[in-house]
Amino acid sequence: MSTPTQFQAAPMQGERRVRTISGNKGLQIEEPLIFEQGMKGRSGVDLPAVPQHKDRLGALKRKGEIGLPGLSEPQVVRHYTKLSQKNYAIDMGVYPLGSCTMKHNPRLNEKMARLPGIGDLHPMQPISTVQGALELIDQLAHWLKTLTNMPAVAMSPAAGAHGELCGIMTIRAALLARGDARKRILVPESAHGTNPATAAACGYEVDPVPADDRGRVDLAAFKAKLGPDVAGTMITNPNTCGLFENDIIDIADAIHGVGGYFYCDGANFNAIVGRVRPGDLGIDAMHINLHKTFSTPHGGGGPGSGPVVLSAALAPYAPVPYVVHGPNGFALVERGEQAFGRLKGFHGQMGMFVRALAYMMSHGSDGLRQASGDAVLNANYILAGLKDEMTPAFPGTCMHEALFNDEFLEGTDVTTLDFAKAMIDEGYHPMTMYFPLVVHGALLMEPTETESRDGLDRYVEVVKGLAKRAKAGDAAYFKGAPYHTPRRRLDETLAARQPVLRWKPEAPKKAAE
Amino acid sequence: MSEVRYSQEHEWVKLEGDTATIGITHYAQEQLGDVVFVDLPEVGKKVEKGKELATVESVKAASEVYAPLSGEVVEVNSTLSETPATVNEDALGAGWFAKLKVSDKSQFGSLMDEAAYKKYVEGLH
Amino acid sequence: MRYLPLTDDDRRGMLAAIGVPSVDALYSDVPRKVLLDGPVDLPGFKSELEVERHIGALAAKNLGAASCPSFLGAGAYRHHIPAAVDHLIQRGEFLTSYTPYQPEVTQGTLQYLFEFQTQVALLTGMDVANASMYDGATATAEAVMMANRVTRRRRAVLSGGLHPHYRETIETHGRFTGFEVTSAPADANGAEDLAKQIDGNTSCVVVQNPSFFGHVHDLSTLAKACHDAGALLVVAVTEIVSLGLVTPPGEMGADIVTAEGQSLGVPLSFGGPYVGLFATRDKFIRQMPGRLTGQTVDVEGKRGWVLTLSTREQHIRREKATSNICTNSGLCALAFNIHLTLLGETGLTKLAEINHATASRLADRLGAIPGVTLLNETLFNEFTLALPKPAAEVVEALAKRRVLGGVPVSRLYPDDPSLANLLLVAATETVSDEDIAAYEAALKEVLK
């Protein structure tokens, strides 16, 4: 169970609060909903007259109004510009969300995705008119297969969790093909929530495997759970504690020994690109989050893209569609003999493929290796800088993210959440909190390779300063943070007890008074 | 006279005749934090001791409430769907979840009494 | 390398601060035999100019739908996207921010998602909508699984007018999660009657409106049949612009509405990324998949927004979650939100009217060509033609004349020879009178 939100307002310390007439605070400008600024009959687009035509809808036409507001273009531009200014972003500074990999998003990639001949390609055009698109997918697939040393890749999954679904369905299909679907999937307790959710969605029982005191899968416990009803395992490597599973080859051998398959959650592939190839570790399937490792933008929560590399044993069961080399150039297989089925409409996240290929080509094989090395170097630099003031969860060095527990806050009455909220006022997005679950009050920091040394020095100084402040007994300050944001701590209990999930024409229920 | 007993999963049971009123303990609601939603069983549902009876949710956690005794659900506290906060405010009283018609009263005896439960909770720290 | 700020001096200094001799030393947990000594066998780094040349050359091998008269639909539609949409979604504060888990510094994202949820609910005629899903097909599969949870039944009936990719996505989930799917045969004429397929085990009936073949239906009778049998009606909309003109599914009794939102603000981009819409009734909100934004107040009493009802989701419920979904389609939802805000009530209504008018005119012109039959009595902006020869050949021949003439039904129903001559044709506001004339002339020539 995670720690419940402490909910109380603390006064600003040593500062007289000045209320403005408008409620705005300089560049922080209040912005109503579009529904509160619309006017009937106004529009932000000009359209030509409706041509003469035979009406083929008749009584099927909408009778009432939809209720959409009317705004002109300048109002719309201002609305979204003001909304954008209420967000933190990588474009503004360090975004150390562990396991989320917030790295710089090169703008070249955006430009490439919008090229005529890519952005305006319809997915159902004749294959002869989309040869360049299929070639691009094929090239990206080649990069992914080479970097992982895996023979095949399913390109269609739309995100990491969708890739997991693809991987586990492929495994189930391969097992069913030999008449042995099996029952259980072994999932470490430190796993991301999508892993057990995915296994359950594919009809498997989730059998949790404990972590050992080094933050790795407990190999003995893992082996003890193996049996002929185990379909496979889902393991993140490097794992969610930011550590390389050094027993990984033994784990692969053990699962193969009972006839199961090894699914690797590739969320942290960015730590080892160009240095370790998952295919060399005995992995049968792994999704690659293009929106993490290969820097397609997160866009406020998607879209993502999660291609799944597959071993030779699993490749025949990959879902449709996939690109093949045919007699007349590239072809798209939309109905496969052994394919387990289809995961989404059309062919995959083409817009993300273009961005990821542009990113990889820009780095090249040498640059990708440098990038993973720098990501690991930056994380260890933070770990070294903070280890005396905070408490690392595990001894030694880490991979691409540094994990701390909340021991350093013991007796301060400051929680991990409070600490994170105080970081916001310092101009940083907080680190990942309370994940992985196996570490008490976890604080997981992932700087990525696109931070400079001096930027990290400033970050470390600020975090150390906050840790000192917490230990100095200034808990009230932390409980009230953040103070300088467009909104301060929000009442999540109220939101969940009386859900208001949309605007309504009549005044919305006065929620908290 | 009714008596209240407790389970290791932090449910309380008050037995009156063969009707058992069930809720979660003060300790459980404290651990959970602000309760935002309670998913109650349907009246008439038969439950077995140790199996899921209801679900209780806070903002960041969802926990199952297990039936401390076997029986048939005869009444549920439907006011909780409107005011889940009652679970926090009065866990042992107005925040009850469901009433069961108990099929085997002897199961009641195997639950902890107040002193034993108090000791059990202290042992968790 | 232009994206990497560290210099060799930095690296040396940082290694010294950490107290290790080399970056390789940080990989000491990796078994030695699998640690690579040097770069893998792929090309070296390239400048912006070189990458642009390479990808530009690949793009030039394609025939973009914007560069010629194009009439493709089948679940993805070419619409004009106002310039402001792409400009605004490329603001770094939107483009490069993460899922709004820290509401104090993501009120921008949360507010637009709340607006998006409201717009989707209004358009579909439903009570609530979520903050988006991957695409229309996955949203529809999630709807079936939700209907299974709500009704505690495990059999879905799918219309023959449902997009085949949607059907296949649902069937795939059915095979793996263990629910039954009864799929009606292709309904090219829009005449099927699904009511008799419903029985006491049916969790839901899934129909598309307008259908894959372009027919527009009144679904009220079907909704009643579903409800009488204790089943839910799921309505999928692949062309969201249609709701500017057509009666919304919510008014016809739908319990869940899913849609592909690509038509508003999202480029065709060869099939993705798109944006799935998901709307339902208030009473089902705790059974919904996907993220939800809710209104609340901060400690100073000011209105604000947070992600809410998260206990349904995988990061809390793990194996008991309503769905395994994590990442959704936030930026595409923003594009949808901005485009629809620009349009407003009058803009969307007129846009829908222009679409209908253009398609209706095109249907008259093409349907009058000897040997060509229009199968639709009703249509919004897409219809089905029966041609005198296989549609796939006709489409290839038209493409050689630089006309993208539609989607042959056989592309999506490769196993049904009776559908080989059917062609799906769509016309949006992007189709000009000249385009219609060019298509008519080219089709006459090809069918000669």
Could you calculate, for the stretch C:88-146, the ratio of the Cα radius of gyration to the Kirkwood radius, expressed as Rg to Rh? 1.03
Taking only the C-alpha atoms, wrap a convex hull around the stretch C:348-395 and report its volume per residue in Å³ as a whole number. 73
Using every Cα-Cα pair within chain A, state what percent have a distance larger than 45 Å. 23
Rounded to the nearest 20 Debye, what is the dipole magnitude of the protein assembly as shown about its Cα centre when Lys and Arg each give +1 and Asp and Glu each give -1 at the C-beta? 1320
Taking only the Cα atoms of the protein assembly as shown, how large is their convex hull per residue, in Å³? 170
Shape of the stretch C:328-367, Cα gyration tensor, a/c cut at 1.5: oblate
Order the peptides C:216-229, A:334-347, A:277-290 from the highest to the lowest mean number of other Cβ atoms within 10 Å of their residues. A:277-290, A:334-347, C:216-229
Report the FRET efficiency, 1/(1 + (r/R0)^6), for B:LYS105 and A:HIS484, where r is their Cβ-Cβ distance and R0 is 60 Å, rounded to 0.05. 0.50
Give me the 1.4 Å probe accessible area per residue for the stretch C:38-183, excluding ligands and nucleic acids, in Å². 27
For a bin width of 10 Å, list the pair-distance distribution of the stretch B:29-100 built from all Cα-Cα distances, rounded to whole %. 22, 54, 24, 0
Extending each Cα 7 Å along its Cβ direction at C:ARG401 and A:ASN328, get the distance between those two points in nm, one decimal. 1.8
What's the average, rounded to a whole number, of partner chain beta-carbon atoms within 10 Å of each residue's beta-carbon in A:337-343? 5
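Taking the stretch A:168-201, which trypsin sites (Lys or Arg not before Pro) meet the DSSP loop condition and have no more than 11 other C-beta atoms within 10 Å? Display every interim value, and only then the final one.
Numbers: sites: A:ARG172, A:ARG178, A:ARG182, A:LYS183, A:ARG184; in loops: A:ARG178, A:ARG182, A:LYS183.
When the trypsin sites (Lys or Arg not before Pro) of the stretch A:168-201 are filtered for loop state and at most 11 Cβ neighbours within 10 Å, A:ARG178 remain.
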Provide the descending list of Cα extents for the stretch A:109-361 along its principal axes, expressed in whole angstroms. 55, 38, 29
Calculated from backbone phi, Karplus (6.51, -1.76, 1.60) coupling profile of the stretch A:334-345 in Hz, x at Gly/Pro: 10, 9, x, 4, 9, 3, 6, x, 9, 9, 7, x
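To two decimal places, what compactness ratio does the stretch C:83-338 give when its Cα radius of gyration is scaled by 2.2 N^0.38 Å? Don't skip to the end; give the middle numbers.
Working: Rg = 17.9 Å, N = 256, 2.2 N^0.38 = 18.1 Å.
Rg over 2.2 N^0.38 Å, computed on Cα atoms: 0.99.
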In Å, the Kirkwood hydrodynamic radius of the stretch A:252-346 over pairs of distinct alpha carbons? 15.3
Report, to one decimal in Å, the Kirkwood hydrodynamic radius for chain C based on all distinct Cα pairs. 24.2
Near the amide H of A:ASP413, under 5 Å away, which other amide H atoms are found, from residues 5 or more places off or on another chain, if H is placed in the peptide plane? none
Other protein chain Cβ atoms within 10 Å, averaged over every residue that makes up A:174-186: 0
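Against the empirical 2.2 N^0.38 Å scaling, what ratio does the C-alpha Rg of the stretch C:138-182 come to?
Here the Cα radius of gyration is 1.02 times the empirical estimate.
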The set of residues whose placed amide H lies less than 5 Å from the amide H of B:VAL35, leaving out same-chain residues fewer than 5 positions away, is B:ASN88
Through the Karplus equation 6.51 cos²θ - 1.76 cosθ + 1.60, θ set to phi - 60°, convert the phi angles of the stretch B:76-90 into ³J(HN,Hα) values in whole Hz; use x for Gly and Pro. 10, 8, 5, 5, 5, 5, 7, 10, x, 4, 4, 4, 6, 6, 8
Give me log10 I(q)/I(0) at q = 0.17 Å⁻¹ for the stretch C:1-59, Debye formula, one equal scatterer per alpha-carbon, no solvent. -0.83
Here FRET efficiency (C-beta to C-beta, C:ALA60 to C:ALA441, R₀ 30 Å, nearest 0.05) is 0.65
Would you please put B:58-68, B:88-98 in order of how densely packed they are, using the mean number of other Cβ atoms within 10 angstrom per residue and starting with the highest? B:58-68, B:88-98
Please list, in order along the stretch C:429-438, the HN-Hα scalar couplings obtained from phi with the Karplus expression 6.51 cos²θ - 1.76 cosθ + 1.60 (θ = phi - 60°), rounded to whole Hz, x for Gly and Pro. 4, 7, 8, 9, 4, 5, 4, 4, 5, 5
May I have the pair-distance distribution P(r) for chain B, computed from all Cα-Cα distances with 5 Å bins from 0 and rounded to whole percent? 2, 12, 24, 25, 21, 13, 4, 0
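Can you pull the mean other chain C-beta count within 10 Å for peptide A:34-41?
Mean partner shielding for this stretch: 3.
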On the principal axes of its Cα set, how long, how wide and how thick is the stretch A:444-499? Give whole Å, largest value first. 46, 31, 22
Along Cα→Cβ, 7 Å out, is where each label goes; now give me the distance between the ones at B:LYS14 and A:LYS40 in nm to one decimal. 5.7
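Ranked highest first by average number of other Cβ atoms within 10 Å, how do A:297-308, A:405-416 line up?
Order by mean packing, descending: A:297-308, A:405-416.
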Can you give the accessible area per residue of chain A, in Å², using a 1.4 Å probe? 33
From zero up to wherever the largest Cα-Cα distance of the stretch C:237-309 sits, split into 10 Å bins and tell me the percent of pairs in each. 15, 35, 33, 15, 2
What distance in nm lies between label points placed 7 Å from Cα along the C-beta direction at C:ARG149 and C:GLN90? 3.9
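The values are calculated or read from the model by the stated rules, or taken from the named source; none is laboratory data. If you're wondering where the values come from, they're calculated on a predicted model, not measured in any experiment. With ideal geometry, Cβ positions are generated from the backbone for all residues, glycine too; neighbour counts draw on all protein chains shown. Only protein heavy atoms, including side chains, enter the accessible area calculation; ligands, DNA and RNA are left aside. Shrake-Rupley method; radii C 1.70, N 1.55, O 1.52, S 1.80 Å.
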